Number of protein chains: 2
Amino acid sequence: MAPSHPLSILSIEETNLAREIVLAHHDKEVIDFREIFLQEPTKAELVKYLQLEHSGRLSPTSPRPARLAKCQYDVIGSDRIPSYQESVVDIGSKKRTKHEVIGKEHQAALTLKEFEVLVSVCKADPKFKQAIAELNIPDYYEIVVEPWPYGGLDEEDESRRYFQGLIFAQDTRNNNADSNFYAFPLPLIPVLDIHKKEICRIDKLATGGKNDALTAKTHGEKILEHCTTAEYVPELLPQGVRQDLKTLNVLQPDGPSFKVSDESLVEWQKWRFRVSFNPREGAVIHDVHYDGRSVAYRLSVSEMTVPYADARPPFQRKQAFDFGDGGAGNCANNLSLGCDCLGVIKYFDAVIVDDDGKGKVHPNVICLHEQDEGIGWKHTNWRTGRAVVTRSRVLVVQFIITLANYEYVFAYKFDQSGGIDIETRATGIVSCVNIDPGKTSNYGNVVNPGVLAQNHQHIFAFRIDPAIDGHSNTVITEESHAVPMNPKTNPRGNYYEVRKTPVEKATWADAEPRLNRVFKIVNENIKNPISGNSVGYKLVPPATQLLLADPASVQAQRAQFAQHHVWVTKYKDDELFAGGRFTMQSRKEVDGVADAVARGDNTRDTDVVVWSVFGLTHNPRVEDWPVMPCEIHQVHLRPTDFFTANPSIDVPPSSNKASVEVPKSCCQPAQGKL
Amino acid sequence: MAPSHPLSILSIEETNLAREIVLAHHDKEVIDFREIFLQEPTKAELVKYLQLEHSGRLSPTSPRPARLAKCQYDVIGSDRIPSYQESVVDIGSKKRTKHEVIGKEHQAALTLKEFEVLVSVCKADPKFKQAIAELNIPDYYEIVVEPWPYGGLDEEDESRRYFQGLIFAQDTRNNNADSNFYAFPLPLIPVLDIHKKEICRIDKLATGGKNDALTAKTHGEKILEHCTTAEYVPELLPQGVRQDLKTLNVLQPDGPSFKVSDESLVEWQKWRFRVSFNPREGAVIHDVHYDGRSVAYRLSVSEMTVPYADARPPFQRKQAFDFGDGGAGNCANNLSLGCDCLGVIKYFDAVIVDDDGKGKVHPNVICLHEQDEGIGWKHTNWRTGRAVVTRSRVLVVQFIITLANYEYVFAYKFDQSGGIDIETRATGIVSCVNIDPGKTSNYGNVVNPGVLAQNHQHIFAFRIDPAIDGHSNTVITEESHAVPMNPKTNPRGNYYEVRKTPVEKATWADAEPRLNRVFKIVNENIKNPISGNSVGYKLVPPATQLLLADPASVQAQRAQFAQHHVWVTKYKDDELFAGGRFTMQSRKEVDGVADAVARGDNTRDTDVVVWSVFGLTHNPRVEDWPVMPCEIHQVHLRPTDFFTANPSIDVPPSSNKASVEVPKSCCQPAQGKL
């Protein structure tokens, strides 16, 4: 069997081998595996390999980067308190090449196993049972414990590992495990020490409205009496599903236009890239080329944070880092045919570790398919009447994550014009708490009787590691400025000036649509033969609201990345996470983009990384309930003088034979019906 | 035959009858018809009729608004100088109800007939022939005259009707009438008096680069020698079209989910609205309801302006108003099956007037079809593993216009969640001029040898005439503000404040993404029963750069509307055009949104109109050549507490049977091929 490509994810065999190597180093201890996944090669090593690959000079004897496994695990000591450790092992040489005992000031990302512990500890705990009993809710409700990361620590020097549980009641009378329990929120939050497997305390939640106190009051016996059902599974909808939506099929009779080979290699319409998957970032795109020319080294969703704005403690601790805390790969959905996309679909599996650390398949975590995206380009010559119109076909690499109540759909979209969109769709169920009957709140919107959906933000960071015709790149800020009318340079007042400023040192920058500010990532050493400009791609940063939390707050301190739209840093191996390596319970961002910028590296004509941050201030609507319609945001990467013409000019004009015209007679008044 | 709905476009018969009525009033004069189209009823009259219609109380004896025709025509006087006049005639009573002789300070919109005059006058003119001869270009080039509106007048008190011609050369050697002549720009612009049918002067264009003078120099003999072909029709592409794009069909085996009846009535997925079409605005959407509730009275694309930023006179006069000058309906493409959309498509025809003023069909000017837009909403219950996922189906009303070199695709998109997007795609060929060999310019980008694509902006105005549960509406500005940490209201610093401010008087406002500023159009008299908020829809104005021209420039004076993102005005019959009724050759905007705001009307709890303005600063890329890939912009209208839940919650979960999985084995290294 041919050796795996350096970017192919670890196989089950490799995973198990890595496990054995780790166990051999800890033969006197109990090991609880969290994750085992590919440790990507250093850039220096991988670039050498990729150069051979692209030049066709790769041979079985060519040097290959070692296959490395990153192993994350707890070592359970005699006091039963785990020590979190990380190792890198070389699969080929069967050697451990790196070993780190992580300091108690940091916490590992959560695992779903911990969720199970949290639920079972709560359900068995007498204090918790007592707190529930005091709410005096009818017997037909079953208690649901929704595990959440603890958020930012309120106190310093705290090293215990906490989780919090949001508590809901599920109406068992309709005998359906998918009945929507979020419609019945209960006003308490048990806080667990997950290592000790015990509840430390139970926070009582305020349920008041405008002008009520920030702190909780004692609740009466009617905490759920004003709450009503709000179902989303079709069999529980009182009115059933709508009947007038007719089938729409996407058929590709000749198969897809893409080709997948060598496990991770995708080729489509002059694009060529590799796809990998890891527990933290989910799908990652590597080594992106168009028509043989390098565009990007690595594209990833780096981090996101979701801070809640309810001023009443302990809601300041509702702040998830979905990638650093939860792990987007960890929480990825197993995608289904005909549901998550249409047409001809290629699914990619991942390998994850089972409870005992052994590898197993996590099926269908990524889907790959083509989409029609409407008109690509069109021109009609009005003299001859001839219209030439092409349709835009895009290739979509998609993965979807569920974090408790909420979901995100992430997609990398490649188009035929050399453009790349990185898209997120926010959907799922908005996080909510109980509110007294008849009250409204400054902290959110009442979306169902007794249900307050709290105001919050979602702030995303995409990491763009460009390789525009090579790895020596520069970011140029380009703005369009008004120029006062003057006889010399602007006699009629219609001129505006385009100003370009290279980013010399690592820095942050914000979107400024008033100046049409765009960030061009260029290779200053290679000029476009037509325009004379440096070849490049531009990033159009979405002008969205940034983090609103007070800069001195824990929410803000631990999410420095969320405070500017664009960060430009110099490449450094393993510097992948905008919010830092460890986010669970963090009080501040460590080794995230802010620290990377603070190094003050030169970023001119060197290996730069661009981080694109955008957000969504989500003050919920009633229409976001019970499951919210997708809210879509995109970051656009577009070639700017990278090519010598529109790269899609050779797309064949569209004349789709399968389309059907509704007869004109169908809309005569007399007929009325189709 | 049942009488036409008051919003149905004029039939050919009605058009011809209107023509006869006008001719009868001008029986001693020569009449040159420009347009005849439906004069929509006053709102007071139409609302009365629509109320009857929606309540099911409409009968054959119900009062109906008169069928009115707006007739635009030149009356040719004895001096052969036309007088532009407009009449409104009542088709039913065969009476002229309004007649206006338009003052010489205003100019009618252009007609395509005038383009033909311009081309033939130029081609016959000895001065023009001489100017071309002086350029001394090879014989195999044929001269192409590209008619353009004249732009803003440089001088006051000028009442002649001008056109300008941009001049290109078409290489006849490849014997193809669609060979791209824009690759061979010639540096002169003939200016015509279109009434007198004569060239007034020929402006010589500068072809220099950076640091060269603003004024034209004498050109040598090599004006085209450095220019090269840049074809887009497939048979002329040197490399041919790409061969690896496989067929993608959209099939709707059970037909479309929409129903079209009564000529203009569209019903689809709880939406109900009417579509009309007129020469100026193209497709217009009327009387929009969702599930029986009123959302909007009228949606339209009101105006756009495209000012060019080349400081060298006479380029300040390159400023098109594509709706006011050209007429979007006038310039609408005849859409083709399988080219402009996929699936099952309903086309709507328009009626236009022929050279003699008689009505004729302008076929397929609007298309209506459904699209799949990816995941609509999704939630996975991680406890049970059950995912409920719906797909988002949207209904698209699309029209496409060609103005000389450039095209715009406009679409109104209705989704199942109660959302409406108004979309524009900019495509076509960028406007360009000749530039000397080897030079670059501050005024644009060299996109082909010898071809300078000039920097410009496109600024669009959409007109939203809302009817949120009736016609008494209010616009509320909503912003999210950071709040400094303080013990009383924000103890942990995570709180942010949502501030709402009603717009009391007609005004403009700008997008402010730093504050997440949205504009809610609400009915203050009707509260959402769940949240207690006023029912409404929100407009999220795209934060884009506004007009850059100096405020004192003619470009800016005639495009006041392009200087703010949102305008809120009180409804007034016939006040439809953001840039004013007459834009051709205008030196300032008259009776546009700025004047409407200046009335200072009360806009609280009354019949308001919201105008959404956004732009695209287009500093061309080489990739925009020879035909640019669509650049897409959307304005979103979203229900906010209008409904009592997500309106798409009853969309059946997707389990599309026609989708196909690529076998997993396809991507084993050994196989390599699909």
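The values are calculated or read from the model by the stated rules, or taken from the named source; none is laboratory data. Treat the numbers as computed from the prediction; the structure is a model and nothing was measured. Using ideal geometry, Cβ is built from the backbone for each residue, glycine included, and neighbour counts are taken over all protein chains shown. Surface areas here come from the heavy atoms of the whole protein model, side chains and all, with no ligands, DNA or RNA. Shrake-Rupley method; radii C 1.70, N 1.55, O 1.52, S 1.80 Å.
General remarks:
Every residue, every condition in (1) crowded, with 20+ Cβ neighbours inside 10 Å; (2) over 30 Å from B:Val535 (Cβ atoms); (3) modelled with pLDDT of 95 or more, yes or no:
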| site | (1), (2), (3) |
| --- | --- |
| A:Gly600 | no, yes, yes |
| A:Val610 | yes, yes, yes |
| A:Phe614 | yes, no, yes |
| A:Asn619 | yes, no, yes |
| A:Val627 | yes, no, yes |
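- Restricting B:Val397, B:Val365, B:Val351 to those that are more than 8 Å from chain A (Cβ to nearest Cβ), assigned to a strand (DSSP E or B), of a type in the set (A, V, I, L, M, F, W, C) and open to solvent by 20 Å² or more (accessible area, probe 1.4 Å) reduces the list to B:Val351.
- For A:Glu13, the conditions (1) in contact with a Cys (Cβ under 9 Å, 6 or more places away or on another chain); (2) surrounded by fewer than 16 Cβ atoms within 10 Å (Cβ to Cβ) are fulfilled apart from (1).
- Residue selected from the stretch B:537-572 under the condition in a helix (DSSP H, G or I) and among the aliphatic types (A, V, I, L, M), by the criterion nearest to B:Pro313 (Cα to Cα): B:Val554
- Take the conditions (1) part of a helix (DSSP H, G or I); (2) modelled with pLDDT under 95; (3) in contact with a Ser or Thr (Cβ under 9 Å, 6 or more places away or on another chain); B:Ser4 misses just one of them, which is (1).
- Residue check: A:His481 meets all listed conditions (1) free of Cβ contacts under 8 Å to residues at least 24 places away in the same chain; (2) touching a strand residue (DSSP E or B) at 6+ places or on another chain (Cβ under 9 Å) but one, namely (1).
- Residues in the stretch A:407-416 that are out of contact with any His (no Cβ under 8 Å at 6 or more places or on another chain) and either open to solvent by 10 Å² or more (accessible area, probe 1.4 Å) or acidic (Asp, Glu) (or both): 2 in all.
- A Cβ distance below 6 Å, combined with a sequence gap of six or more or placement on separate chains, defines the contacts here; from the stretch B:499-523, residues that are under 18 Å from B:Phe614 (Cα atoms) reach residues that are open to solvent by 50 Å² or more (accessible area, probe 1.4 Å) and not in a helix (DSSP H, G or I) in the pairs B:Val518/B:Val540.
- Taking the stretch B:346-389 as the range and being of a type in the set (A, V, I, L, M) and free of Cβ contacts under 8 Å to residues at least 12 places away in the same chain as the test, only B:Ala387 passes.
- Counting the residues of the stretch A:200-214 that are more than 16 Å from A:Arg317 (Cβ to Cβ) and either open to solvent by less than 40 Å² (accessible area, probe 1.4 Å) or not in a loop (DSSP other than H, G, I, E, B) (or both) gives 3.
- The set of residues in the stretch B:84-96 that are part of a strand (DSSP E or B) and loosely packed, with under 14 Cβ neighbours inside 10 Å contains only B:Lys95.
- Exactly one residue out of B:His618, B:His636 is closer than 30 Å to A:Val233 by Cβ and under 23 Å from the mean Cα position of the chain (by Cα), and it is B:His636.
- Strands (runs of 3 or more DSSP E) within the stretch A:454-536 that include 2 or more residues in the same structural domain as A:Val610 (by TED's automatic domain parsing) and either among the β-branched types (Val, Ile, Thr) or at positive phi (or both): A:456-466, A:474-482, A:496-502, A:518-527
- Tally of residues being buried (at least 21 other Cβ atoms within 10 Å of the Cβ), of a type in the set (A, V, I, L, M) and away from every other protein chain (no Cβ under 11 Å) across the stretch A:507-538: 2
- Matching residues, the stretch B:542-564, being open to solvent by less than 10 Å² (accessible area, probe 1.4 Å), out of contact with any Lys or Arg (no Cβ under 7 Å at 6 or more places or on another chain) and more than 10 Å from every other protein chain (Cβ to nearest Cβ): B:Ala559, B:Phe561, B:Ala562
- A single entry from A:Asp574, A:Asp605, A:Asp591, A:Asp641 fulfils the requirement of being touching a residue at least 60 places away in the same chain (Cβ under 8 Å), surrounded by fewer than 24 Cβ atoms within 10 Å (Cβ to Cβ), on the phi > 0 side of the Ramachandran plot and of a type in the set (Asp, Glu): A:Asp605.
- Pairs meeting the criteria (first residue in the stretch A:52-69 and modelled with pLDDT of 95 or more and open to solvent by less than 50 Å² (accessible area, probe 1.4 Å), second residue in a helix (DSSP H, G or I) and aliphatic (A, V, I, L, M), beta carbons under 7 Å, at least 6 apart or on different chains) are A:Pro65/A:Leu46; A:Ala69/A:Ala18.
- Looking across the stretch A:98-138, the residues that are without any contact (Cβ under 8 Å) to a residue 60 or more places away in the chain and either open to solvent by less than 20 Å² (accessible area, probe 1.4 Å) or in contact with a helix residue (DSSP H, G or I) (Cβ under 9 Å, 6 or more places away or on another chain) (or both) come down to A:Phe115, A:Lys123, A:Lys129.
- Count of residues meeting criterion [open to solvent by less than 10 Å² (accessible area, probe 1.4 Å), over 30 Å from A:Lys204 (Cβ atoms) and within 8 Å of another protein chain (Cβ to nearest Cβ)] in the stretch A:417-434: 3
- Apart from one condition, A:Ile223 fits all of (1) farther than 30 Å from A:His54 by Cα; (2) in a loop (DSSP other than H, G, I, E, B); (3) within 12 Å of another protein chain (Cβ to nearest Cβ); the exception is (3).
- Residue in the stretch A:140-149 that is touching a residue at least 60 places away in the same chain (Cβ under 8 Å), assigned by TED's automatic domain parsing to the domain that holds A:Asn16, within 29 Å of the chain's Cα centre (by Cα) and surrounded by 16 or more Cβ atoms within 10 Å (Cβ to Cβ) present: no
- Selection count where residues are part of a strand (DSSP E or B) and either over 30 Å from A:Lys346 (Cα atoms) or over 26 Å from the mean Cα position of the chain (by Cα) (or both), scope the stretch A:375-394: 13
- B:Arg383 fulfils the conditions (1) at pLDDT 95 or above; (2) within 22 Å of A:Asp340 (Cα to Cα); (3) open to solvent by 20 Å² or more (accessible area, probe 1.4 Å) except for a single criterion, (1).
- Residue count for the stretch B:590-646, restricted to those that are polar (S, T, N, Q), assigned to a loop (DSSP other than H, G, I, E, B) and within 14 Å of chain A (Cβ to nearest Cβ): 3
- Scanning the stretch B:438-450 for residues that are more than 9 Å from chain A (Cβ to nearest Cβ) and open to solvent by less than 10 Å² (accessible area, probe 1.4 Å) gives a single hit, B:Gly450.
- Qualifying positions in the stretch B:215-258 - farther than 28 Å from A:Thr644 by Cα and surrounded by 15 or more Cβ atoms within 10 Å (Cβ to Cβ): B:Ala216, B:Leu248, B:Asn249, B:Val250, B:Leu251, B:Gln252, B:Pro256, B:Ser257, B:Phe258
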